[in-house]
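Let me begin by presenting the structure, written as C-alpha cells, before commenting on it.
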Amino acid sequence: MANPLYDTLFGTHDGNEATFLHMQDGTSWSYDAFLRKVAQFAHAITAEGLVPGDRLAAQIEKSPEALALYGACAQAGVVFLPLNTGYTVDELTYFIENSGAKLVLCDVAKKKELTSVAESYGARIATLNSDGSGTLSDNAQTMPDRFETVSCDQDDLAAFLYTSGTTGRSKGAMLSQGNLLSNAQTLLEYWQFTSKDVLLHALPIFHTHGLFVATNVILAAGGSMVFLPKFDLDVMIDRLPSATTLMGVPTFYTRLLSDDRFTKELTSHMRLFVSGSAPLLAETHTAFEARTGHRILERYGMTETNMNTSNPYDGERRAGTVGFPLPGVELKITDPATGNALPQGDIGQIEVRGPNVFKGYWQMPEKTAEELRSDGFFITGDLGQIDPDGYVQVVGRDKDLIISGGYNIYPKEIELVLDDQPGVLESAVIGVPHPDFGETVLALIVPEKNAAPDLDAIAARAAKSLARFKHPRKLLIIDSLPRNTMGKVQKNVLRQTYKDMFEPASG
Ligand code: MCA
Ligand code: AMP
C-alpha cells in the first residue's frame, strides 16, 4: 500500500459526501470537504519546504482545520507534532529545539513570542487560528484540492507526541503509521463502531485520546463527530441526544453525574460510553449505571502504546478494571527488580508488546533502552495485576506521575522550578485526591535555614514557566521531607498526610 495511514483512514473517503463533522454552530463538514482541505494543507506545508520525515510542530486550537492538518501530514509523509495549547513559551522552546521541527504553527496571538524561538532553531513559522484563518490557510486557499499522496511504509513515522519523564525532561514518543493504524483497526472492531456512529467529541486533539483513539476510530468507521471545542457541561447535555457514543476522561463522567439533567432518558439512545486516560473510580462506574443503565467501558493506554487493554463490548464490563489485552497485544506482569514474569494474581509492573508499541524516544537511545526491551516489551511504569478471569487492574504507578483531569504531570518538572527559587532548600510535589480532576498538584516546600520563601512569588514564577494545568493548586511550607534509609523522599508518606486537602469535608 502506498501510504497505509492516509489511504486507510482518509483516502477511502474520497468523494464521500456523508457528514464527518457536526460543529457547535450548526454547520457541518462532509468527508469530501474535509479531504479537500487536507490536500490543500498538504500542498501548503510542502510549499513551506517540508519533505517526508520532517517534523511539523503545531500549537493550535481545536478546529476542523487543525484536524485537517493531521491528515495533511499523513498525506505528505510529514511527522505531526501536536502540542498542548496550554504550554508556555518556555515549554515550547524545548519541544521546538528537541524535535528539530522545520515548521512551527501557532495561533496569531502567540506568533510574536514564538517567531524568535522558531528562528533561532532554524524553523519557519506560520499561523492557524481557531476560526481556521491564518497564514497557512491563506496559502492553502490558493492550492489545488488534490495532492499526490506520498508513499510511506508501516514503519515510517507519523507523529511525535511528547511525554514528560521522571527526570523532568520531556521525551518525544515516535509513533509510526503502523502503530496508529493497527490500533484504530483493532478498536473499530472491538468497540463495534460503524458508519452510523456519531461520537460526541469534547477532548483536546493534541493527545492520543482525542486525536488517535477518538478521531482515528471514527475515520476508520466512516462515522461522524459532534466536534466541540472543549468540555462544557451545558453543551454536552444539549448535544448528547444527537450522539451515539462518547469517549472521555473520568472528569467528564463525574461532571455529567453532578447534573440532574443527566438522566436515563437523555442517554437511553446511546450505544457506548468509553473512559480512559486516568483511573475511573468504581463508585463513578456504579453511580453511572444506577443513573443511566449504561456500564461505562474502561480501557487503558499510553502515549507510547496507544490502547493496550479494554473491557469487553459484549461481555461483563468490570468496574475497577481495564479489561483484557486487546487482540494482538501481549501483556504481562513482571517483577520490577528482575523483569521476570510473576505468577497470576501477583502485583508487578505492566509490560506490553504489540504492533501498537512505539518506535522509541526521539534521539534518546538510553531512555528507549531503559523502557523498551530488545524483545519488544515496553515497561509501562504502571503497576498492575490480573484477576483469575483475566481482567487487568491498574493498581498504581511505579513512575512518579500525577494525572489531573486526564493530563499527565511529572512532579520532577515542577520541583526543578521550585527548587530554583530564592529561600527554597528543596521541594516535593505530589498528587492528592481532587473531587473534579481525580488528582491535583500539591507542592511542599522546605525553606533554607532562616529563610522565609515568598510563596506568591514562587507561584508566579511557576506560572510563567509551566502550563496552567501543572500549576500547584496549593503550596505549603514544611520543616523537612520524610526520607527512607536510602535518603529517598517518601512521597507515599506525604500523599497519606495530605490526602484530604482538596476532598470535600465528608469525614
Ligand atoms: C483545565 N485546568 C486544569 C485542567 N484542565 N487544571 C488541572 N488539570 C486539568 N486537567 C485549569 C484551567 O486552565 C482553569 O484554570 C482551571 O483549571 C479550571 O478549569 P475548568 O474550566 O474547570 O477546566 P476545563 O477547561 O473544563 O477542563 C477540564 C477537562 C480538561 C475537561 C477535564 O482538562 C480535559 O479535557 N481533559 C482531558 C485531557 C486529555 O485529553 N487527556 C488525554 C491524554 P483557571 O482557574 O486559571 O481558569 S492521552 C492519555 O492520557 C492516554 C494515551 C490515554 O490513555 O488516553
Ligand atoms: P500518557 O502518558 O498521557 O499517555 O498517560 C498514560 C498513563 O495514563 C498510563 O501510563 C496510566 O498511568 C494512565 N492511564 C491511562 N488509562 C488509564 C486507566 N483506564 N486507568 C488507570 N490509569 C490509566
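Can you tell me which residue is nearest to GLU415 (Cα to Cα) among those in region 436-483 that are within 16 Å of ligand 2 (Cβ to nearest atom) and assigned to a helix (DSSP H, G or I)?
Out of the qualifying residues, it is LYS470.
Got a sec? Which of VAL249, VAL198 is more than 12 Å from ligand 1 (Cβ to nearest atom) and surrounded by 17 or more Cβ atoms within 10 Å (Cβ to Cβ)?
VAL198
If you take the residues in region 1-56 that are without any contact (Cβ under 8 Å) to a residue 40 or more places away in the chain, of a type in the set (Gly, Ala, Ser) and assigned to a loop (DSSP other than H, G, I, E, B), which one is surrounded by the most Cβ atoms within 10 Å (Cβ to Cβ)?
GLY15
Just a yes or no: is a residue in region 419-435 hydroxyl-bearing (Ser, Thr, Tyr), within 30 Å of the chain's Cα centre (by Cα), within 16 Å of ligand 2 (Cβ to nearest atom) and over 21 Å from LEU83 (Cβ atoms)?
There is no residue in region 419-435 that is hydroxyl-bearing (Ser, Thr, Tyr), within 30 Å of the chain's Cα centre (by Cα), within 16 Å of ligand 2 (Cβ to nearest atom) and over 21 Å from LEU83 (Cβ atoms).
Please tell me if ALA66 is in contact (Cβ under 8 Å) with a residue 60 or more places away in the chain and assigned to a helix (DSSP H, G or I).
The answer is yes for ALA66.
Quick grid of which residues meet (1) at pLDDT 95 or above; (2) of a type in the set (D, E, K, R):
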site: ASP131; (1), (2): yes, yes
site: SER137; (1), (2): yes, no
site: THR163; (1), (2): no, no
site: GLN185; (1), (2): yes, no
site: VAL198; (1), (2): yes, no
site: ALA202; (1), (2): yes, no
site: ASN216; (1), (2): yes, no
site: GLY222; (1), (2): yes, no
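With the condition kept exactly as written, say whether any residue in region 493-507 is within 16 Å of ligand 2 (Cβ to nearest atom), part of a loop (DSSP other than H, G, I, E, B) and aromatic (Phe, Trp, Tyr).
No, region 493-507 contains no residue that is within 16 Å of ligand 2 (Cβ to nearest atom), part of a loop (DSSP other than H, G, I, E, B) and aromatic (Phe, Trp, Tyr).
Give just the number: which of (1) surrounded by fewer than 14 Cβ atoms within 10 Å (Cβ to Cβ); (2) in a helix (DSSP H, G or I); (3) not aliphatic (A, V, I, L, M) does ASP260 not satisfy?
It fails just one condition, (2).
Test THR303 against the stated conditions and say whether it is among the β-branched types (Val, Ile, Thr), in contact with a Ser or Thr (Cβ under 9 Å, 6 or more places away or on another chain), modelled with pLDDT of 95 or more and within 13 Å of ligand 1 (Cβ to nearest atom).
yes
The values are calculated or read from the model by the stated rules, or taken from the named source; none is laboratory data. These numbers were taken from a predicted model, which means no experiment stands behind them. When we count neighbours, we look across all protein chains shown, and the Cβ atoms used for this are built from the backbone with ideal geometry, even at glycine.
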